[in-house]
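Below is one structure, written out as structure tokens; the observations come after it.
Bear in mind these aren't lab numbers, they're just calculated from the coordinates by the rules spelled out. Here the structure is a predicted model, which is why all the values come from computation and not from measurement. Positions of Cβ are generated from backbone atoms using ideal geometry, with glycine treated the same way; all protein chains shown enter the neighbour counts.
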Amino acid sequence: MTTFQFSVIVIVACACLIVGAGFGVKYAQDKGVNAGTVVNTVTNATEIANDIYDKLSGVLPASPAMTVIGLILDLADRGAKAAEQLYKTATIGKDERYTEATKFVTDALTTAGVTITPELETVIKGAITGAVESLPKTHDEDGNIIKG
């Protein structure tokens, strides 16, 4: 197994952890669990994923794969935030946010000369999903804007 394949597996596992925590949070909310506990669960899952990445990048600091994956994680965070801003300003619709974030990441990588492979698409998908889960909630379950 190459370093890149190992890195992809770790990043996908971290993304699954974050997504799983998000679904668990939604389920818990539906069952009447305290919202503060729910937020702490998602925060802890995100911190665990970041810790895993930090430790992995410390072990393999010179790996080109880790550099690309780190770049993808950073771009996914920025892309998710940018897409959310476009949604808040009514520039794009609610269902266009994921597509817009993905386009942001893939356009940036392509501009940097990175070829988008199926493996990188998997990493991008997981990174965007994780970035979206870590965004502050803007709407309640009924679609009303949360004032904050």
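The simple spin-label model puts a point 7 Å past each Cα toward its Cβ; for LEU135 and GLU119 those points are separated by 2.9 nm. Take each peptide in 82-88, 100-106, count the other Cβ atoms within 10 Å of every residue, and average; sorted highest first, the result is 100-106, 82-88.
The 3J(HN,Hα) values that the Karplus relation (6.51, -1.76, 1.60; θ = phi - 60°) gives for the stretch 110-123 are, in residue order, 5, 4, 7, x, 8, 7, 7, 9, x, 5, 5, 4, 5, 5 Hz. Gly and Pro appear as x. Amide H to amide H, with H built 1.01 Å from N, ILE92 comes under 5 Å of TYR87, counting only residues 5 or more places away or on other chains.
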